[in-house]
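Colleague: Attaching a single structure in structure tokens format; questions to follow.
The values are calculated or read from the model by the stated rules, or taken from the named source; none is laboratory data. If you're wondering where the values come from, they're calculated on a predicted model, not measured in any experiment. When we count neighbours, we look across all protein chains shown, and the Cβ atoms used for this are built from the backbone with ideal geometry, even at glycine.
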Amino acid sequence: MGRSARHERSVLNTDEIALVEASHHPGLGELSDKELHELTKHVRERRDRARDIAARQRREMRGKAPPHGARPVQEDAGSREKRDVLSAAMQRLNREATRRAAKAARDEMKDALTRALEMRRAREAQTQHPGAGATPNDGMHVKEASHSFLRNRAKLGEVSQHTKNVQARRDSR
């Protein structure tokens, strides 16, 4: 349940009012991280003190603890209200700190991904792969003659003539 600013002021003292007002929306977003941390620390101290006082007063009312002040406590409603208002302020501060941490993590992740992409593109630009060479289904390719084959042309003609002569002898039979 939301509390009005008037209700908060009626429950808190002057110092606490300033702390709780700083934990509300417009001012909360304008705080630096260090200021947010300091404000959280102070509000937490005040909330813990209010919580302890409310618990002590409840014990006094139940008769489990001796009276702390000049007269015994009759009710602890004011202390509980103060504790609740300060707890709500702590929740707002914690949510803001969590939001900022998540945003910082997202920004850091985006920076890391951008750097990784730049490194990958630079690596791909540097890498020069050799050609694939002969691939299947391209048809026949002319083999280049070796030097030894070209040097011995006389032998080549002799072999061809021999083959012709052998074939002619067979055909004449």
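Colleague: Can you name the helices (runs of 4 or more DSSP H) wholly within segment 1-95 that have at least 2 residues being among the acidic types (Asp, Glu) and under 34 Å from the mean Cα position of the chain (by Cα)?
Modeller: Answer list for segment 1-95: 33-62.
Colleague: So in segment 73-125, with the set limited to residues that are touching a Ser or Thr at 6+ places or on another chain (Cβ under 8 Å) and of a type in the set (A, V, I, L, M, F, W, C), which one is nearest to VAL20 (Cα to Cα)?
Modeller: Filtering first and then ranking leaves ALA89.
Colleague: Further, regarding this structure: When you look at ALA112, is it of a type outside the set (Asp, Glu), more than 56 Å from the chain's Cα centre (by Cα), assigned to a helix (DSSP H, G or I) and at pLDDT 85 or above, yes or no?
Modeller: no
Colleague: Still on this structure: Conditions first: (1) modelled with pLDDT of 85 or more; (2) more than 29 Å from ARG3 (Cβ to Cβ). ALA70 passes all but one, so which condition is the exception?
Modeller: Every listed condition holds for ALA70 apart from (1).
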